[in-house]
Amino acid sequence: MRVAFIGVSHWHAPFYIEPALQLKGVTIVGVSDPDFKIAQSYAERLICPWCADYRTLCDRVKLDFVFALGRHCDIREEACHLIEAGIPFAMEIHVAWMAARWRFWRSERPPEEPLPLCLLYCGKVGP
């Protein structure tokens, strides 16, 4: 499986990258971050391509799955791009926002078309 990481400057990135490195059959094929120095640093360590713009990475590299760990103000655009590109992904988000987008996206597709999405939720539970 060809995996990429978007938003590698996020403090959760190592929690996903380190286990991915241990999985048989998983190859990290690209990283992206608006902070090009951080993206480049990860790319050198992982021996893979990097891009400051995740859209460029998605266009240049064949991807089977993406871990998208961007800033909260960017995740909506990232998620929409990945959904429209048909790239399965995991993202820490607020599920309520994504549920609305998911229903809209699903309504535009034939029922037999698979959904290219995996959600991870990280948030406060309770008052």
Among 21-27, 6-12, how do they line up from the highest to the lowest mean number of other beta-carbon atoms within 10 Å? 6-12, 21-27
If each residue of separation counts as 0.36 nm, what is the full-extension length gain between F36 and R76 once their alpha-carbon separation is subtracted? 12.3 nm
Footprinting proxy, F15, F65, F5, F89: sorted fewest to most Cβ within 10 Å, the residues are F15, F65, F89, F5
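Readers should treat all values here as calculations from the given coordinates under stated rules, not as data from a laboratory. Bear in mind that the values here come from a model prediction, so they are computed numbers and not experimental data. Every residue, glycine as well, gets a Cβ built from its backbone with ideal geometry; the counts of neighbours run over all protein chains shown.
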